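The values are calculated or read from the model by the stated rules, or taken from the named source; none is laboratory data. It should be emphasised that the depicted structure is a prediction, and the values quoted were computed from it without experimental measurement. Cβ placement follows ideal geometry from the backbone for every residue including glycine, while neighbour counts extend to all protein chains displayed. These area figures cover heavy atoms from the full protein model, side chains too; ligands, DNA and RNA do not enter into them. Shrake-Rupley method; radii C 1.70, N 1.55, O 1.52, S 1.80 Å.
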Amino acid sequence: MSTVKLTVNGKAVSAEVEDRTLLVHLLRDHLNLTGTHIGCDTSQCGACVVHIDGRAVKSCTVLVGQAGGANVTTIEGIAKGDELHPMQAAFRDNHGLQCGYCTPGMIMAAIDIVHRHSGMLDEATVRQELEGNICRCTGYHNIVKSVLDAAGRMKVAQAAE
């Protein structure tokens, strides 16, 4: 057992966990942040994507000890109070979800995509970047539409800050 300290959604967290504990299990089982989903346990589906120090990471591939000292953001930590993050709002407005299981991971990956591409995205880039996130319900059309819409919204939000 080890004590690991990290920041999750802006709050300092200290947890006593087995060394083999995956970050996804700390988030879900110890911190009750169940928006981060477990879809495959093989790093293929993307349902478990969170941000570690601002970068999208599949939390089913990260041992808690590897995240020690890091700043972790989950889907629960991206809205500002009752105001949805622009990516969440775009997914809602463009019907970028169906059953919703993949949605948290899609949104977290999409935020990272927009940041890495400075909002300069086209449909082909979004589709290529989302290859590591699987949606079994949709044809991705509305997901891509949501990401492109959110890229514009995120530029406007950033300019207003």
Subject >> Cα Rg, Dmax (largest Cα-Cα span) when computed across segment 86-153, Å >> reply: 10.3, 29
Original post:
Which value, in Å² and to the nearest 10, is the accessible area of residue 95 when all protein chains are kept and the probe is 1.4 Å?
Top reply: 130 Å²
Subject >> Correct option for log10 I(q)/I(0) by the Debye sum over Cα atoms at q = 0.12 Å⁻¹ [calculated from the coordinates] among (i) -0.80; (ii) -0.68; (iii) -0.50 >> reply: (iii)
Subject >> Accessible area in square angstrom per residue, the chain, 1.4 angstrom probe >> reply: 52 Å²
**OP:** Scan segment 1-63 for trypsin sites (Lys or Arg not before Pro) in coil per DSSP, keeping those whose Cβ has at most 16 other Cβ atoms within 10 Å, and list them by number.
**Re:** 20
**OP:** Would you rank 131, 123 by solvent-accessible area, highest first, keeping every protein chain in place and using a 1.4 Å probe?
**Re:** 131, 123
Original post:
Which percent of the accessible area of the chain is formed by carbon and sulfur heavy atoms (probe 1.4 angstrom)?
Top reply: 48 percent
**OP:** Report, in whole Å, the centroid distance computed from the Cα atoms of segment 29-64 and segment 2-18.
**Re:** 15 Å
Original post:
Against the longest principal axis of the chain, how steep is helix 141-160, in degrees 0 to 90 to the nearest 10, with axes from Cα atoms?
Top reply: 80 degrees
**OP:** Report, in debye and to the nearest 20, how large the dipole of the chain comes out about its Cα centre when Lys and Arg carry +1 and Asp and Glu carry -1 on their Cβ.
**Re:** 80 debye
